[in-house]
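Peer 1: One structure, pasted below without further comment.
Laboratory data are not the source of any read-out in this text; all were calculated from the coordinates shown. Bear in mind that the values here come from a model prediction, so they are computed numbers and not experimental data. We place every Cβ from the backbone using ideal geometry, glycine too, and count neighbours over all the protein chains shown.
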Amino acid sequence: MASEKRSLSKRKNTWYPLDNAAKIYPPTASDKRAHVFCFSAILTEEVDPYSLREAVVILLEKYPTFKTKLMRGKFWYYLENNDLPFKVFKEDAYYLKSIDHQQNNGYLFEVLYIRNKITVKFFHALTDGTGGFNFFKSLILTYFSVIGKDVDAEGLLKPIDAPSTASEGEDSFLTYHNVTGDKTEKISKPYHIRAKPFDYDGCGMITAKVPISGVKELANAANVTITAYLSALYSYCVYKAFLADRPEKNKLVTVLIPCNLRKKYGGETQRNFTMFARFSHDYTVYDNTTVEQLAAECQNKMNDDLRVEKLDKIIDDNVKLERNFFIKIAPLILKDVIMRTAYAKVGEVLQTVNFSNLGLVKFPESVSPFVKEITFSITPTFSCNHQTGVIGYGDYLYVTFARGYVETELEKTFIRFLTAKGLKIEVSSNFWESQP
Amino acid sequence: MKKCRYCNVEVDSDKNFCPICFNRTDNLDDRSTGLYTLRKHNETKIKSSWFLTKLFFFLTICTLTASVMVNVLVTPKSMWSPLVVFGELYIWVLIAHTIMSKRSLFEKVFLQVVVILLILIFAEKLSISDWLIPYVYPSMSLAVVTTLSLILIISSKRGEYFIGFTVIAFLLSIGSLVFILFSLTGEFKLLNYISLAVGFSAVFGYVLFGFDSIKYELGKKWHL
Ligand SMILES: [Zn+2]
């Protein structure tokens, strides 16, 4: 009892600085730029909200960095231990809207349910896609264990009774960065999709369920990875849908491809640890380049951007910036302004679209029979108004397009390209553009 | 499950058209996973826009022009209109920094104190204490009450504002009442009478129209 009390009071004072990459998100987040991503699982049976909430409560003890709220310090934002009760909500039609921290008791993620679907929505300052998915996976496992299913982690994810470790909460950018002499690359401003926005909040979602084997064949034929192939196709579709017959001056299409650094540097942090490859192709003089050629180009760019030396350079620059004396002593109000300005210059204006592939995910064998489908989606923002999340589960790749405007030309081009190659695709939509 | 023969895809939906090309679909079977929650009715939730900001900006400019004109034409000897300018700026600070934001209490109080001090120094420099109570105070009070009422009419979060706004309107009209009762207004009492009347009507109106919200908020925030 006494030791329990001590550990509780010790817990009360816990706080974590935001990791290096997360520092940009709080000052630049707004209603128009939610910085939110989301996982959904379709289960074989109806979700019980009480058990779901219980599962989250159990899990929060194992993931202390998730049991936090965002605080404004005098110099930096930070995460502080959050002792308020966690609430789960029923999902409404506004799928990717920003998290209401007031309603949510300050937590930086949200758990939603409806019928047989569980959705977890994360604010990017808390974690990245991989960290978020690990949490999501553990939540599903814990939920099934709470409702009395005979499930086990089977070594694929954190066992239900495992405690948290220090390395899970670390800022891996600080742990793993090295100094190198690589040069910083100059990036030009690409085209931004111009289309009629919705005259109400929310975004249009379309998920395409594509057989992995088919995509793999296409990628193999072009001698590239699935990510490179689909990114190239994505870039090509932006051109076909928005640039081909229009007199745009800037026809540079840039696809931002986030990459999980845990694979490169190791570590098991639950915080942000992602860097980006940037595939740009200028379509001003379009000479009938095929998607296969684009894919090869994209693969080269990815290989180059994700060289350890190049990554080291970028991480080192970011860490140096964070440790810069003048940045350190600038009060938070000033930092907010600096960060917003910097973000407006070098943030999402340097990308046309975002393509995030989490790869093939696996659930323990005792869990997977209860999970029918998994999707991964990212909120579109004002200037990067089309974002795509991809996740592979079972025999299918779930490609989820989220858009902030009415027309579906890009999706149509993308999906029709794949069906023309003989792939059997199933499509779901939230029909945001049509009258209910 | 539906089938779009133009896109050559299967569509998981109850609707009879394709979500990507909007052509009619063929019915395969009645199976549907329901990956997404659809909008049930036409949302009235209009996108938050710059409309409010623009409106306030417009009102500010109107008030400023009006007060400078009145100052120059009616009372050219005493320059009290700069104080109205300052007062208007103060209202902006009050709304953007204190009422509508989620900043810490310390920052809110700190900025309020700084701005009020500046206004007082300004008033002192202009030596317009004769004008402060009969003209400036009631004008400010009217401007604030008008602004608050507009926010309540337009904002979708009005429920949360009723209590605070009622208190502000009440305090402002009490100010005018005190000035009138203790004859601090000098000769010119009209504006303070108007401010008093408008302030109390506003309080009455807020309580009348916002009664349910006020009751709900009191329950939620103070557990009354
Ligand atoms: Zn179609």
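Peer 1: Hey, got the Cα dimensions of the stretch A:84-215 along the principal axes, in Å, largest first?
Peer 2: Reported extents, whole Å, longest axis first: 55, 48, 44.
Peer 1: Grab the stretch A:238-333 and count how many Lys pairs have their alpha-carbon atoms under 26 Å apart, sequence gap of 8 or more, or different chains.
Peer 2: Lysine pair count for the stretch A:238-333: 20.
Peer 1: Across peptide A:412-423, how many C-beta atoms of other chains are within 10 Å of each residue C-beta, on average? Don't skip to the end; give the middle numbers.
Peer 2: Numbers: counts 8, 1, 1, 6, 6, 0, 2, 4, 2, 0, 1, 2.
Taking all residues of A:412-423 together, the mean is 3.
Peer 1: What ³J(HN,Hα) values, in whole Hz, does the Karplus curve 6.51 cos²θ - 1.76 cosθ + 1.60 give for the stretch A:253-266 when θ = phi - 60°, with x put for Gly and Pro?
Peer 2: 10, 10, 9, 8, 10, x, 9, 6, 6, 4, 5, 7, 9, x
Peer 1: A further question on this structure: Determine by what factor the alpha-carbon radius of gyration of chain B differs from 2.2 N^0.38 Å, reporting the quotient.
Peer 2: Working: Rg = 26.4 Å, N = 224, 2.2 N^0.38 = 17.2 Å.
Compared with the compact-globule rule of thumb, chain B sits at 1.54.
Peer 1: Could you list the residues of the stretch A:301-324 with an amide nitrogen less than 20 Å from a label point located 7 Å from the Cα of A:L252 in the Cα-to-C-beta direction?
Peer 2: A:301-306, A:314, by backbone N distance to the label point.
Peer 1: Determine the calculated [θ] at 222 nm for chain A from helices alone, applying -39500 (n - 2.57) to every DSSP H run no shorter than 4 residues and normalising by the residue count; nearest 500 deg cm²/dmol.
Peer 2: On the way: 13 runs with 142 residues, N = 436.
Helix-only estimate at 222 nm: -10000 deg cm²/dmol.
Peer 1: What are the ³J(HN,Hα) couplings of the stretch A:282-287, residue after residue, when phi is run through the Karplus curve with 6.51, -1.76, 1.60 and θ = phi - 60°? Round to Hz, x for glycine and proline.
Peer 2: 8, 9, 4, 10, 8, 10
Peer 1: Rounded to a whole number, what is D in µm²/s for the protein assembly as shown from Stokes-Einstein with the Kirkwood radius over alpha-carbon pairs (4 °C, 1.567 mPa s)?
Peer 2: Details: Rh = 28.2 Å.
In µm²/s, the coefficient is 46.
Peer 1: Something else: Largest first and in whole Å, give the semi-axes of the stretch A:281-436's equivalent ellipsoid, each being the square root of 5 times a Cα gyration tensor eigenvalue. Write out the running numbers ahead of the final one.
Peer 2: Details: eigenvalues 228, 98, 85 Å².
One finds semi-axes of 34, 22, 21 Å for the stretch A:281-436.
Peer 1: Taking the dipole about the Cα centre of the protein assembly as shown, with the C-beta of Lys and Arg at +1 and of Asp and Glu at -1, give me whichever of A:T142, B:L89, B:S139 is farthest to the positive side.
Peer 2: Result: B:S139.
Peer 1: Explain nothing, just the number: dipole magnitude of chain A about its Cα centre with +1 on each Lys and Arg Cβ and -1 on each Asp and Glu Cβ, in debye rounded to the nearest 20.
Peer 2: Values: 56 positive and 51 negative charges, 223 e Å.
Its charge dipole is roughly 1080 debye.
Peer 1: For the stretch A:169-319, report the convex hull volume of the alpha-carbon atoms normalised per residue, in Å³, without decimals. It would help to have the intermediate numbers written out before the result.
Peer 2: Numbers: hull volume 25.6 nm³, N = 151.
Considering the Cα atoms of the stretch A:169-319, their hull volume per residue is 170 Å³.
Peer 1: Can you tell me the dipole magnitude for the stretch A:15-175 around its Cα centre, using point charges on the Cβ only (Lys, Arg +1; Asp, Glu -1), in Debye to the nearest 20?
Peer 2: On the way: 18 positive and 21 negative charges, 131 e Å.
Dipole of the stretch A:15-175, to the nearest 20 debye: 640 debye.
Peer 1: Also: Counting pairs of Cα atoms in the stretch B:1-40, how many percent are more than 10 Å apart? Spell out each step's value before the answer.
Peer 2: On the way: 513 of 780 pairs.
Roughly 66 percent, rounded to a whole number.
Peer 1: Roughly how tilted is helix B:190-209, in degrees to the nearest 10 and between 0 and 90, from the longest Cα axis of chain B?
Peer 2: 30
Peer 1: Quick one: angle between helix B:137-154 and the longest Cα principal axis of chain B, in degrees between 0 and 90, rounded to 10, please.
Peer 2: 10
Peer 1: While we're here: Taking chain B as the reference, fit the longest principal axis to its C-alpha atoms, fit the long axis of helix B:105-126 to the helix C-alpha atoms, and give the angle between the two in degrees, 0 to 90, nearest 10.
Peer 2: Relative to chain B, helix B:105-126 is tipped by roughly 40 degrees.
Peer 1: Further, regarding this structure: Counting only other chains, and only Cβ atoms inside 10 Å, what mean value do you get across the residues of B:16-29? Let's see the in-between values first.
Peer 2: Details: counts 0, 2, 4, 15, 14, 6, 4, 0, 0, 0, 0, 0, 0, 0.
For peptide B:16-29, the averaged partner shielding equals 3.
Peer 1: Would you work out which of A:F39, A:I24, A:Y50 lies farthest towards the positive end of the dipole of the stretch A:15-175? Charges go on Cβ: Lys and Arg +1, Asp and Glu -1.
Peer 2: A:I24
Peer 1: I need the helices of chain A that pass two filters: whole DSSP H segments spanning 24 Å or more by Cα along the axis, and mean Kyte-Doolittle score no lower than -0.5. Walk me through the intermediate numbers first.
Peer 2: Numbers: long enough: A:129-146 (25 Å, 0.81).
For chain A, where a helix must reach 24 Å along its axis and average at least -0.5, the hits are A:129-146.
Peer 1: Principal axes first, then extents: for the Cα atoms of the stretch A:15-175, list largest minus smallest coordinate on each axis, whole Å, largest first.
Peer 2: Answer, in whole Å and largest first: 47, 36, 25 Å.
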